[in-house]
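The values are calculated or read from the model by the stated rules, or taken from the named source; none is laboratory data. As the structure is a computational prediction, the values presented were derived from the model and not from experiment. We place every Cβ from the backbone using ideal geometry, glycine too, and count neighbours over all the protein chains shown.
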Amino acid sequence: MADPVLAQNLEKVYKGNVHAVNGVDIQVHEGELYGFLGPNGAGKTTTVQMLTGNLRITKGTATVAGLDVAKNPLKVKERIGLVFQEGTADPDLTGRENLELAAALFRVPLRETKSTINGLLERLQIADAAERLVKTYSGGMRRRLELAVGIIHSPSVLFLDEPTLGLDPQGRAGFWKYVLQLRTDRKMTVFVTTHYLDEADEMCDRISIIDHGKIVATGTPSELKDKLGGDIVTVRPVSKTGPEVETLLRGLPGVTAVTMADGAFRVKVQKGEELIPHLVDACTRAGVALAGVSLKRPSLDEVFLEFTGREFREDEGMNATDRAVRMGQVQQAFGRARR
Amino acid sequence: MIRELGALTRRELKRLARNPQAIATSLMIPILYLLLFGQAFDIGAAFPNTPAGHAELLVTLRGAPTYFSYFSAGMVGFVAVTATLFVGANVIFDRLFGVLKRTAASPATATSIFGARLLAGMLQPVGLAFLVLGLAVLVGHLGLSGLQITASFSIIGIGEIVLAILILSAMFASLFLAIGFSIEQPQSYFAVVNAINLPVLLTSAALFPWGLMPAWFKDVASYNPITLAVSVIRENLFAGASGYYPYGPAIYLGGLAAWAIAMFILATFLARRALAPRA
């Protein structure tokens, strides 16, 4: 069977020749939980908006649920579910009324509407609040209602765009519990964007990392972590950061690579805990005073650093669209100033 | 499409019904005008209490027996403006709260999304207009000037009044939806709407006695959509009023429909543009 999400050389260029998404290839297999990972502003939401027919594709092709998105945006919307990162439920309607509206918009057969809604309300544990206005809901309840709206028509592909943004750890865990249950029960393909690395590591079958509009790595979480080649020992000297320290670190037993980032050396080694005594001893003998040494097991944070050359930051503020629009505005302003 | 149109229209009407402040604001200005302007400008007192004086007053007020009666009919029409204002504002709030994004991401067509808002915008003012009409009659029983309906009851007459309010509401709902789909900030929306409302009201025959208007004002007011709707209402409320109007209600309804169609075309264009996948 064809892959439910297939994108080739996908590009989004905004005014001012700003590339928010730049030549992205995506292939999601049927039934897969696929994570699209990257910091704010990397191009995740822009990609999702293009794949779901809500944003025009500048270049490239996207096939979702068996249909060309550019040619059949409405048909694609019928076949997919989409949970936005922000709340989209009507705060002046009750939970049940929001679901009734969604059922009508997503063409759930009339005879199935009531049982579908009751089933979802029970399943997502919002039945007790079903007759309350949504503006009285807690953040976690709202997210569960958003999920219910997204899956009311039993879509074959579910897109979750930063679905747990702003939830506390308990809320996040609860949300994922429902997603995993639904995925198993309904055999849905799930495409999720997130900048919570731990979430992606734990939940996703496969992950792509996007940065500055380009995919820099794809694989299962284990494959990506294996690419790191072992543990990372971060060495932060008090003052000396020259090549002599790098040479010293490279000469230690088991070290496979040494790189420099943010005033610290990242030392790759199979067993970090065995290296540290040797490392401290060697530095002391060489007169290199250390401000700190830390050991990190392979994680997606390290994977991100490995493939992008910088730390994963969750607080970059603007999403890709905002960033692109802002950059376009700045460029236009410069253009006007030059004229 | 009918199902989604029905569901979206129900949603709009529920939201309007659950927002008593919006209903109060819609009614506040027409009622305030009724109770202040309508009572204060009793121009009937300026006409001699003679048959000739009465005849002159009837000409001035185009068949209405008192200024308050004339003015009340104007306010019944003006409710269509104040009540439809929130239909456009709701587009902006729906955009801010993400509701519009959700609807646009569904398979619902732009026609349904726009059409539901237009339908709700047409239906709500009818009830409010009859509320103002009832209130205008009621104040006459409280020792104040009241609306005196001198025409005899007629189903066709009521039908024409309802139709006039529906078409006027459709026209203003389209206009406000056009603005709502084009403007993102609520402050800007209300600034633009206020800049439109008052001039439209002041250049109509809703407030000013027809017979006292200068000729140039009459020319302007004749084409004003509120004047067209109010003319239909007055012709049906006041006995013999038709004799003071150059055309029957059908012509005024036709003129009003032309306004409504023009605004509808503008609004559908802007709504489709706003709801299409973003560039």
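Observations
- Options B:Thr9, B:Thr82: the member that is in contact (Cβ under 8 Å) with a residue 24 or more places away in the chain and more than 30 Å from A:Val108 (Cα to Cα): B:Thr82
- Taking region B:1-55 as the region of interest, the helices (runs of 4 or more DSSP H) fully inside it that hold 3 or more residues being crowded, with 18+ Cβ neighbours inside 10 Å and within 14 Å of another protein chain (Cβ to nearest Cβ) are B:2-17.
- For region A:36-60, the set of residues classified as more than 20 Å from A:Leu74 (Cβ to Cβ) and outside any helix (DSSP H, G or I) consists of A:Phe36, A:Leu37, A:Gly38, A:Pro39, A:Asn40, A:Gly41, A:Ala42, A:Gly43, A:Thr58, A:Lys59, A:Gly60, listed by residue number.
- Residues of region A:201-211 that are farther than 9 Å from A:Gly38 by Cα, touching a residue at least 40 places away in the same chain (Cβ under 8 Å) and surrounded by fewer than 23 Cβ atoms within 10 Å (Cβ to Cβ): A:Asp201, A:Met203, A:Cys204, A:Asp205, A:Arg206.
- When A:Gln27 is tested against (1) outside any strand (DSSP E or B); (2) surrounded by fewer than 22 Cβ atoms within 10 Å (Cβ to Cβ); (3) of a type outside the set (Lys, Arg), only condition (1) is not met.
- Residues located in region A:74-103, provided they are of a type in the set (A, V, I, L, M, F, W, C), within 7 Å of chain B (Cβ to nearest Cβ) and crowded, with 22+ Cβ neighbours inside 10 Å: A:Leu82, A:Phe84, A:Leu101
- From the options B:Ile161, B:Ile149, B:Ile155, B:Ile196, residue that is free of Cβ contacts under 8 Å to residues at least 24 places away in the same chain and in contact with a Leu (Cβ under 9 Å, 6 or more places away or on another chain): B:Ile196
- Total residues in region B:56-72 satisfying the condition of being part of a helix (DSSP H, G or I) and under 20 Å from the mean Cα position of the chain (by Cα): the figure is 6.
- Restricting B:Ala258, B:Ala164, B:Ala205, B:Ala191 to those that are outside any helix (DSSP H, G or I) and either over 26 Å from B:Pro65 (Cβ atoms) or modelled with pLDDT of 90 or more (or both) reduces the list to B:Ala205.
- Boolean, B:Phe130 is in a helix (DSSP H, G or I) and among the hydrophobic types (A, V, I, L, M, F, W, C): yes
- A:Ala103 satisfies every condition listed in (1) touching a Gly at 6+ places or on another chain (Cβ under 9 Å); (2) small (Gly, Ala, Ser); (3) part of a helix (DSSP H, G or I) except (1).
- Residue tally, condition part of a loop (DSSP other than H, G, I, E, B) and within 24 Å of B:Gly243 (Cβ to Cβ), over region B:133-159: 10
- Scanning region A:106-114 finds no residues that are β-branched (Val, Ile, Thr) and either closer than 18 Å to A:Gln49 by Cβ or crowded, with 23+ Cβ neighbours inside 10 Å (or both).
- In region B:74-114, residue farthest from A:Lys77 (Cα to Cα) [restricted to those that are among the charged types (D, E, K, R) and either within 7 Å of chain A (Cβ to nearest Cβ) or not in a helix (DSSP H, G or I) (or both)]: B:Lys101
- Total residues in region B:95-131, condition surrounded by fewer than 23 Cβ atoms within 10 Å (Cβ to Cβ) and either over 22 Å from A:Ala103 (Cα atoms) or of a type in the set (Asp, Glu) (or both): 7
- Verdict on B:Ala64 being surrounded by 21 or more Cβ atoms within 10 Å (Cβ to Cβ) and either of a type in the set (A, V, I, L, M) or within 14 Å of another protein chain (Cβ to nearest Cβ) (or both): yes
- Residue list for region A:1-24, restricted to those being in a loop (DSSP other than H, G, I, E, B), under 29 Å from A:Lys187 (Cβ atoms) and small (Gly, Ala, Ser): A:Ala2
- Evaluation of B:Glu184 against the conditions (1) buried (at least 16 other Cβ atoms within 10 Å of the Cβ); (2) closer than 12 Å to B:Gly88 by Cα shows that the sole unmet condition is (1).
- If you go through region A:7-47 and pick out every residue that is over 29 Å from A:Ser299 (Cβ atoms) and of a type in the set (Ser, Thr, Tyr), you end up with 1.
- Given (1) more than 9 Å from every other protein chain (Cβ to nearest Cβ); (2) out of contact with any Ser or Thr (no Cβ under 9 Å at 6 or more places or on another chain), number of the condition A:Arg56 does not satisfy: (1)
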